[in-house]
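*Asks:* Take a look at this one; I'll ask things after.
The values are calculated or read from the model by the stated rules, or taken from the named source; none is laboratory data. Owing to the predicted nature of the structure, the values given are computational and were not obtained by experimental measurement. Cβ: placed from backbone, ideal geometry, glycine included. Neighbour counts: every protein chain shown. Each accessible area value is taken on the protein alone, full model and side chains, heavy atoms only, with ligands, DNA and RNA left out. Shrake-Rupley method; radii C 1.70, N 1.55, O 1.52, S 1.80 Å.
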Amino acid sequence: MGKYDPAAVEAKWRTVWEERGTDRLDLDKAEKPFYNLMMFPYPSAEGLHVGNVFAFVGSDIQGRFHRLKGFDVFEPMGFDAFGMHSENFALKNGRHPAEMVPKNIENFRENQLKKVGLMLDWSRQVDTTSPEYYKWTQWMFVTLYKNGFAYKKKAPVNWCPGCKTVLAAEQVIDGECERCTSTVVKKDMEQWYFKTTAFAQELLDELDRIDWSERTKTAQRNWIGRSQGAEVTFSVDGGPDFQIFTTRPDTLFGATYMVFSPEHPLLDQITTPEQRPALSEYRAAAAALSEVDRQAEGRDKTGVFTGADAVNPVNNERIPIWAADYVLMGYGTGAIMAVPAHDQRDFDFAVKFNLPIRQVVAPDGKMFDALPEAYVGEGLLVNSGDFNGLPAKEQGIEAVTTRLKEQGRAEFKINYRLRDWCVSRQRYWGPPIPIIYCDKCGAVAVPEKDLPVTLPYLEDYKPDGSGFSPLRRDESFFHTTCPECGGPATRETDVSDNFLCSAWYFYRYPSTEFGDRPFDAARTKKWLPVDLYVGGNEHAVLHLLYSRWLCRALNQCGHLDFVEPYKRFVAHGMIVREGAKMSKSRGNVINPDEYIREFGADAFRMYLMFMGAYLEGGDFRDGGVRAMKSFLDRLWTAVLPEEGGLAATEPEDAETRFWLHSTIKAVTADLARFSYNTAIARLMELINHVTKNRVRNRVVSEAVVKMVAPLAPHVAEEMWEQLGHSETVFAGGWPEWDEEATFRATVEYVVQINGKVRAKLDLPAGLSQEVIEPQVLDNPAVAKWLEGQTIVKKVYVQDKLMNLVVKPN
RNA sequence: GCGAGAGUGGCGGAACUGGUAGACGCACCGGCCUUAGGAGCCGGCGGUUAUGCCGUAGGGGUUCGACUCCCCUCUCUCGCACCA
């Protein structure tokens with residue numbers, strides 16, 4: 001038996017699991033498939049972060065728990081090793097990613113992940129940088145392109161001067177590059193896009209039906225940003241028509257001026273000669289501003305008059321057209337009608353430039369004497385011609401839009417904030433976009449037989465800011481022949497966004513042995529969609545949105561028969577250390593290896609899960625892992641007593657039976673709802689009981705071992721073996737509880753007088769009020785409070801409490 | 001501003017559909033054991049002017065009874081944000 005020695009136990013079981021293939025699964029033979037997915041990491045040179053461990057362990061517990069409950073659990077792992085994170089790190093350290101990444105992967109897998117005790121099936125590892133994998137990433141691109149989901153266009157893009165590449169909107173956080181935090185600037189460039197907006201509505205609708213963490217769904221809803229309104233056609237006085245988008249067509253009569261975004265193309269045409277110099281100056285100033293500065297909160301409104309007037313279609317009124325940078329070219333039509341009385345932004349602008357403010361919504365039919373700010377509430381339409389007296393908002397919107405629609409001046413319209421996904425990157429370390437440009441045939445997709453387009457080894461892979469990838473400098477890569485006509489042609493030299501690699505990796509795991517298809521139809525049918533996906537919420541509008549979109553697109557292209565990739569997504573919390581965020585600059589990053597070496601992976605896993613609610617996150621305190629190690633010491637001696645042996649039958653004493661069965665019941669429920677901290681607390685209570693009462697019982701020991709197994713797999717496996725089993729504990733089934741035993745024979749009744757606790761009585765369980773009541777009333781502690789009082793009400797809750805409501809006589 | 005979540009001892013955190021607030025653990029205090037202890041074991045631990053009273057951010061309300069439900073206010077975290 002001996003002492004619990006985590007280092008020895010863990011080394012032993014790592015070897016045994018590997019030798020026996022305990023965690024390898026025959027995917028075709030599995031009868032109750034359960035696909036347990038965790039977000040594959042980017043293998044950084046710094047090694048595994050404690051946040052990764054926290055995420056993986058929480059997911060692994062579900063995998064192991066499900067396995068104990070009889071599921072065939074598939075729990076794979078891979079590496080997301082393409083992309084700027086790897087490349088930037090290599091650049092900074094003067095190394096080559098192609099030489100660095102394999103070493104990092106090796107280190108992650110062999111020295112770190114394998115020591116955490118995750119139930120991973122390493123026979124199906126995926127590495128996004130291997131040609132066998134990125135061949136299919138390129139295939140995704142080609143498939144999307146052929147089906148009209150990928151296109152190239154010139155448009156203002158987000159350019160990161162630090163990383164020297166364009167970024168997708170999702171990768172710009174508060175105006176900064178997600179990777180290097182440089183301030184992102186706008187540039188006009190020709191780039192590849194995926195039509196994410198094609199499914200904006202579907203992606204939104206399905207959120208109501210999928211079983212995902214609410215905050216993840218909320219983040220996606222915000223990001224997709226649906227708004228309903230109308231597109232209204234105005235005309236320039238003596239000039240062309242133009243469209244504006246508004247959510248409040250009911251306030252059309254309140255429009256006192258119009259605003260075009262400074263980037264609006266029509267401005268060139270309509271601005272009067274006198275106003276042209278002012279406009280040019282204003283446009284130049286607007287262009288020089290960064291996105292963040294331009295959209296800064298509370299920034300003073302700026303703008304310039306164009307000299308032109310617009311004609312309002314509802315009343316033929318002529319109102320001035322201004323250019324102002326508070327209107328964005330990228331949303332709606334890049335032009336708005338300004339209703340200063342009922343929109344705060346327009347109000348601020350009108351005040352500053354002394355433009356008229358006309359009230360058209362009157363709360364309770366009352367006109368304002370003065371408006372200190374825009375009124376955005378309910379009311380009746382006024383100053384609105386035929387529409388006067390109609391309730392504003394819904395009814396007004398309907399009526400005004402319908403009228404204009406009949407005149408061909410408006411359409412009901414829904415706008416989304418979501419933009420198409422800009423996927424090309426002017427970088428080296430990624431899958432080359434498989435497109436060939438031919439003078440005769442145009443842009444041609446590389447035929448499947450020619451995939452992958454291999455990423456050539458470039459000694460100098462530094463991005464040069466030219467707007468082209470470094471691959472452009474490789475003449476032998478750049479020049480090629482057209483797959484259609486055989487004539488001279490050039491390759492697309494941009495690589496695809498790393499998020500394309502990760503948008504489909506989970507389809508690959510079950511099909512890694514198939515070299516001739518990205519995923520096998522039968523395997524996919526059996527194993528997908530993913531049953532449970534656990535990960536960080538920071539990917540809510542990145543990976544999680546992209547992969548939902550890709551799933552839909554692949555479905556539409558006929559490659560998948562479902563539209564949502566994950567049945568259930570659970571967002572775990574974030575961990576901090578001693579109340580502070582962990583960061584390299586603060587120097588407070590937790591190194592998992594040290595704790596694992598000193599206290600063992602099992603104690604480390606358990607402490608990470610004990611810190612707080614898994615879904616909320618937790619606060620890592622030094623000393624916690626040590627405390628958990630000593631709990632495991634106590635558990636070890638409680639389960640494997642040195643002396644006295646173990647009684648082989650169900651414990652006879654009712655109190656022990658109560659603790660055992662109610663713990664099994666509670667732990668089962670806690671694990672199912674990710675309440676790992678309380679599950680551990682309950683196991684501690686059981687062990688406290690067992691230790692204090694010197695319980696030596698095999699039934700108790702085996703149940704404890706099984707309950708601990710998902711949390712601390714190595715030590716559980718060792719104890720299971722020492723209890724005389726030769727097969728893995730994970731084949732042993734999940735313990736059952738006896739509902740009867742979870743009730744006690746005597747219960748503590750709380751006696752309240754007017755809701756305040758005045759006495760506690762131990763009484764047999766299950767008695768009726770008639771039996772209990774006299775005992776309560778006769779109790780001296782209670783009787784004292786009843787002197788000189790009249791009982792006006794008695795509230796009785798069986799086996800719980802009796803509340804006497806009294807009044808003075 | 002909009003949306004989501006949260007606010008409980010010295011600390012991390014419990015409390016299932018309203019029913020004993022503070023489970024479990026950390027830290028701390030006392031004791032035992034020991035040549036020694038950053039080990040182990042036993043006990044204590046919300047506050048207080050203690051037969052009681054007050055305590056779950058603050059203020060109201062509903063209820064026999066509120067951390068839990070409703071209204072208002074404050075604070076914090078996250079997401080979105082001059083998005084028309």
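*Asks:* Considering only the range A:67-76, how many residues are crowded, with 23+ Cβ neighbours inside 10 Å and assigned to a helix (DSSP H, G or I)?
*Replies:* Qualifying residue count for the region: 1.
*Asks:* May I pose another question? Just need a number here: residues in the range A:340-365 that are near RNA strand B (Cβ under 7 Å from one of its atoms) and either assigned to a helix (DSSP H, G or I) or open to solvent by less than 10 Å² (accessible area, probe 1.4 Å) (or both).
*Replies:* Final tally of qualifying residues: 2.
*Asks:* Looking at A:Tyr282 and the list (1) of a type in the set (Ser, Thr, Tyr); (2) open to solvent by 60 Å² or more (accessible area, probe 1.4 Å); (3) within 15 Å of RNA strand B (Cβ to nearest atom), which single condition is not satisfied?
*Replies:* Condition (2) is where A:Tyr282 drops out.
*Asks:* Please tell me if A:Tyr145 is surrounded by fewer than 20 Cβ atoms within 10 Å (Cβ to Cβ), of a type in the set (Ser, Thr, Tyr) and modelled with pLDDT of 95 or more.
*Replies:* Judged against the criteria, A:Tyr145 is not a match.
*Asks:* Same structure again: With the checklist (1) within 20 Å of A:Tyr282 (Cβ to Cβ); (2) touching a helix residue (DSSP H, G or I) at 6+ places or on another chain (Cβ under 7 Å) in hand, flag the one item A:Phe347 doesn't pass.
*Replies:* (1)
So that you can scan it fast, the table gives a plain yes or no per residue for (1) outside any loop (DSSP other than H, G, I, E, B); (2) surrounded by 21 or more Cβ atoms within 10 Å (Cβ to Cβ):
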residue: A:Ala522; (1), (2): yes, no
residue: A:Glu538; (1), (2): yes, no
residue: A:Arg552; (1), (2): yes, yes
residue: A:Asp561; (1), (2): no, no
residue: A:Val589; (1), (2): no, no
residue: A:Phe604; (1), (2): yes, yes
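*Asks:* Does A:Tyr133 satisfy the criteria of being of a type outside the set (Gly, Ala, Ser), over 25 Å from the mean Cα position of the chain (by Cα) and crowded, with 18+ Cβ neighbours inside 10 Å?
*Replies:* It is false that A:Tyr133 is of a type outside the set (Gly, Ala, Ser), over 25 Å from the mean Cα position of the chain (by Cα) and crowded, with 18+ Cβ neighbours inside 10 Å.
*Asks:* Let me ask another. Starting from residues that are within 30 Å of A:Thr233 (Cα to Cα) and either away from RNA strand B (no atom under 16 Å from the Cβ) or touching an Asp or Glu at 6+ places or on another chain (Cβ under 7 Å) (or both), keep the ones in the range A:410-448 and report whichever is least open to solvent (accessible area, probe 1.4 Å).
*Replies:* A:Ala410
*Asks:* Out of the residues in the range A:239-263 meeting the condition of being surrounded by fewer than 20 Cβ atoms within 10 Å (Cβ to Cβ) and within 11 Å of RNA strand B (Cβ to nearest atom), tell me which one is farthest from A:Leu380 (Cα to Cα).
*Replies:* A:Glu263
*Asks:* Identify the residue in the range A:159-186 that is under 16 Å from A:Ser469 (Cα atoms) and in a strand (DSSP E or B) and, among all such residues, is nearest to the chain's Cα centre (by Cα).
*Replies:* Filtering first and then ranking leaves A:Leu167.
*Asks:* Okay, moving on. If you take the residues in the range A:315-333 that are more than 9 Å from RNA strand B (Cβ to nearest atom) and either open to solvent by less than 40 Å² (accessible area, probe 1.4 Å) or over 16 Å from A:Phe242 (Cα atoms) (or both), which one is nearest to the chain's Cα centre (by Cα)?
*Replies:* Looking at residues that are more than 9 Å from RNA strand B (Cβ to nearest atom) and either open to solvent by less than 40 Å² (accessible area, probe 1.4 Å) or over 16 Å from A:Phe242 (Cα atoms) (or both), I get A:Ala323.
*Asks:* Oh, and also: Could you figure out which of (1) of a type in the set (D, E, K, R); (2) within 9 Å of RNA strand B (Cβ to nearest atom); (3) under 25 Å from A:Glu739 (Cβ atoms) isn't true of A:Arg657?
*Replies:* Only one criterion in (1) of a type in the set (D, E, K, R); (2) within 9 Å of RNA strand B (Cβ to nearest atom); (3) under 25 Å from A:Glu739 (Cβ atoms) is unmet by A:Arg657, namely (2).
*Asks:* So, restricting to helices (runs of 4 or more DSSP H) that lie completely within the range A:694-809, which ones have at least 2 residues that are exposed (fewer than 12 other Cβ atoms within 10 Å of the Cβ)?
*Replies:* Output list reads A:769-778, A:780-786.
*Asks:* Before we move on, is A:Phe56 in contact with a Leu (Cβ under 8 Å, 6 or more places away or on another chain) and under 25 Å from A:Asp520 (Cβ atoms)?
*Replies:* Spelling it out, it is not the case that A:Phe56 is in contact with a Leu (Cβ under 8 Å, 6 or more places away or on another chain) and under 25 Å from A:Asp520 (Cβ atoms).
*Asks:* Look at A:Val667 and say whether it is touching a residue at least 24 places away in the same chain (Cβ under 8 Å), more than 9 Å from RNA strand B (Cβ to nearest atom) and within 22 Å of A:Asp738 (Cα to Cα).
*Replies:* So A:Val667 fits the description; yes.
*Asks:* Now, a different point. Taking the conditions exactly as written (out of contact with any Ser or Thr (no Cβ under 8 Å at 6 or more places or on another chain) and not in a helix (DSSP H, G or I)), does A:Leu37 satisfy them or not?
*Replies:* Criteria not met by A:Leu37.
*Asks:* State whether one or more residues within the range A:302-313 are in a loop (DSSP other than H, G, I, E, B), open to solvent by 50 Å² or more (accessible area, probe 1.4 Å), away from RNA strand B (no atom under 15 Å from the Cβ) and not hydrophobic (A, V, I, L, M, F, W, C).
*Replies:* Looking for residues that are in a loop (DSSP other than H, G, I, E, B), open to solvent by 50 Å² or more (accessible area, probe 1.4 Å), away from RNA strand B (no atom under 15 Å from the Cβ) and not hydrophobic (A, V, I, L, M, F, W, C), one finds none in the range A:302-313, hence no.
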